[in-house]
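Taken together, the values in this text are just the output of simple stated rules run on the coordinates, not laboratory data. Note that the coordinates shown come from a computational prediction; the quantities given were computed from them, not determined experimentally. All Cβ positions, glycine included, derive from the backbone under ideal geometry; neighbour counts span all protein chains shown.
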Amino acid sequence: MNTGKIKKLVRDRGFGFISDTDGRELFFHQNSLVEVKFDALNEEQSVSYDVEKSDKGPRAINVRVV
């Protein structure tokens, strides 16, 4: 499980980006959240997640608030 912080939220579209400890940005969609609602998230909030390969590059799945 990886950790990082929410860098940006696009609330009207239901997705955001996580900045990991290496400075890499990962896309995540609200459907990838576990035990938290998208509306409850805030930028700079710490999260843990798994990484999955997609056609557009790596993305975060199983995103949980830490």
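Return the residues of the stretch 13-58 that are under 15 Å from Met1 (Cβ atoms), in a strand (DSSP E or B) and charged (D, E, K, R); say none if nothing qualifies.
Asp20, Asp50, Glu52
For the structure I just gave you, tell me whether Ser54 is of a type in the set (Gly, Ala, Ser) and touching a strand residue (DSSP E or B) at 6+ places or on another chain (Cβ under 7 Å).
Considered against the rule, which asks whether it is of a type in the set (Gly, Ala, Ser) and touching a strand residue (DSSP E or B) at 6+ places or on another chain (Cβ under 7 Å), Ser54 comes out as no.
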